[in-house]
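Taking it in order: structure first as C-alpha cells, then the write-up.
The values are calculated or read from the model by the stated rules, or taken from the named source; none is laboratory data. Here the structure is a predicted model, which is why all the values come from computation and not from measurement. Virtual Cβ from ideal backbone geometry, glycine too; neighbours counted across all protein chains shown. With ligands, DNA and RNA removed, areas are computed over all heavy atoms of the protein, side chains included. Shrake-Rupley method; radii C 1.70, N 1.55, O 1.52, S 1.80 Å.
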Amino acid sequence: MRGLVLLIALAMPTVASAHEVWVEREGNGPARIYLGEPAEPLPVGGDPEFKNLVAPTIVGQARVRQVRRAGFIEAVVAPGDVRVTDDSVFKPWGEVGAKEGVVYYARAGRSQPGTRMAYEIAPLAAGANRFALRHAGKPVGGAKLTLVTPDHRSLELTAGADGTVTVPVAGKGRYLLSSAQVETGKLRVAGGPVDKLHHIATTTFIVP
C-alpha cells in the first residue's frame, strides 16, 4: 500500500504539469472550458482528469451558470474575451515542507489588450498576433511558450526581454498559447498551503 501511495505522489506533478485548462469560444457564443492536453485529441467523454474541474472561476462575471457536458463545461458569458482561473483542480502534493500546488489561468479571445489575471498571455492590441506574457502585471522576459496550431502541431516559442512573442498565424482555426512558471515561498491554493506553486496559463483565439 505504501508503494502505491508513493507512486501516486510521484505521478501527481507530472499529471498536473502536463494538463492545462483552456477555453474555446466562437464569436459571442457559449464558452467551453476544458481540462486536458490541448495538443492531443480529446478522449470520448473528456480527459480522465476532467472530473477534477468542478467550478472554475469566470473572472469579472458573477453567478454564471455552468453546465457540465461530455468533456467540457459550458457557460453563457458576456460578449468579449473570457478569462477563467482555478486553483482547486489538483490537491497539493508532496512531503510536508515541500508541498506543491498548481493554479490555472485560461483566456479565450484577443479583442482586449491588457491583463486581469495574475498570470496571463494577452495581445498587445485588439486582434494582434503579438502577445505578452505577464506575471502580476510585469513582463516575463525570456519565457518559454508553446503554440498549438489548428492542425495540432506544437511549436516552441521564446519571449523577448519584454515578455512579448509573435504568433506565426498561417491559416484558419484555433490557436492556443501556453506557458508555465514556478513560484516558491509560503503560498496557498484552495487545498491548503504550498511551498512551490506552478502557474499555468493558456490563451486561445480563432482565425475565421
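Worth pointing out:
- DSSP-assigned coil residues among trypsin sites (Lys or Arg not before Pro) in segment 129-177, each with at most 13 further Cβ atoms within 10 Å: 153, 172
- Among the GluC sites (Glu not before Pro) within segment 95-157, those in coil by DSSP and having at most 12 neighbouring Cβ atoms inside 10 Å are 95.
- Between residue 155 and residue 118, the FRET efficiency from the beta-carbon distance, with R0 = 30 Å, is close to 0.70.
- Within segment 169-185, backbone nitrogen closer than 18 Å to the virtual label 7 Å beyond the Cα of residue 37 toward Cβ: 176-180
- Rounded to the nearest 10 degrees, the angle from helix 2-18 to the longest Cα principal axis of the chain is 10 degrees.
- Gap separating the Cα centres of segment 67-98 and segment 39-57, nearest whole Å: 10
- For the residue pairs 51/99; 91/138; 51/91; 51/144; 91/186, the alpha carbons lie more than 25 Å apart in 91/138; 51/144.
- The accessible surface of the chain, taken with every protein chain in place and a 1.4 Å probe, is 57 percent carbon and sulfur.
- What the chain shows is 50 Å² of accessible area per residue, with the surface traced by a 1.4 Å probe over protein heavy atoms.
- Charges were assigned to the Cβ only: +1 to each Lys and Arg, -1 to each Asp and Glu. The resulting dipole of the chain about its Cα centre is roughly 460 debye.
- Projecting the Cα atoms of 60, 202, 96 onto the charge dipole of the chain, computed from C-beta unit charges around the Cα centre, puts 60 farthest toward the positive end.
- Between segment 158-208 and segment 104-125, the alpha-carbon center distance in angstrom: 10
- Mean silhouette area of the chain, derived from the convex hull of its C-alpha atoms and averaged over all directions, reads 12.0 nm².
- Each 10 Å bin from zero up to the one holding the largest Cα-Cα distance in segment 30-128 carries the following percent of pairs: 14, 40, 34, 11, 1.
- Rounded D (µm²/s) - segment 38-88, Kirkwood Rh over Cα pairs, Stokes-Einstein at 20 °C, 1.002 mPa s: 174
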